[in-house]
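Single-structure report; data block below.
The values are calculated or read from the model by the stated rules, or taken from the named source; none is laboratory data. Treat the numbers as computed from the prediction; the structure is a model and nothing was measured. A quick note on method: Cβ atoms are made from the backbone with ideal geometry, for glycine too, and the neighbour counts reach across all protein chains shown.
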Amino acid sequence: MKPRPGDIAPDFSGLTTDGSRVRLQDYRGRKLVLYFYPMDDTPGCTAQDCSLRDRYAEIEAKGAAVLGVSAQGVESHDRFTRKHELNFPLLADTGRAVARAYGAIGGGLGGTLRGMLGMAERVTFVIDEQGRIAHVIDNVNTKDHAGQVLALL
């Protein structure tokens, strides 16, 4: 089940693009745009990530950090990050624990199929400075995801 606005954000820990460990508590005191996407280097995921990359300075100016999550490993995330010059980290959720905690895997018929393939649903959580879910974006516009996020910050 996905957390809803007002819920405490599920805790997580994992390795990012550069191999460093990151936890939810590392973002206390600032907003976090935590987004789940199905797979590195696919057309929709690339459009979504590049939208956030291109407007990352605006997102940061609103006091938020960005963290992308998918089931690929650190090496895949590193290649994807270098290829598209992403300016924020990606979390390697190879065991899918973070996706499960956020209800981003296995929901509905399409979600069940993606889950069987090891892919998360495309969903974004805006987490506030106190670690609570402020907003959930279920209908992600991959080409202008940054605009959707900025409208909520």
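Listing for the model above:
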read-out	value
Subset of the range 27-41 (residues that are part of a strand (DSSP E or B) and closer than 23 Å to Ile105 by Cβ)	Leu32, Val33, Leu34, Tyr35, Phe36
Residues (hydroxyl-bearing (Ser, Thr, Tyr) and part of a strand (DSSP E or B)) located in the range 1-26	Ser13, Thr16
Residue in the range 42-54 that is at pLDDT 95 or above, assigned to a loop (DSSP other than H, G, I, E, B) and in contact with an Asp or Glu (Cβ under 7 Å, 6 or more places away or on another chain) present	no
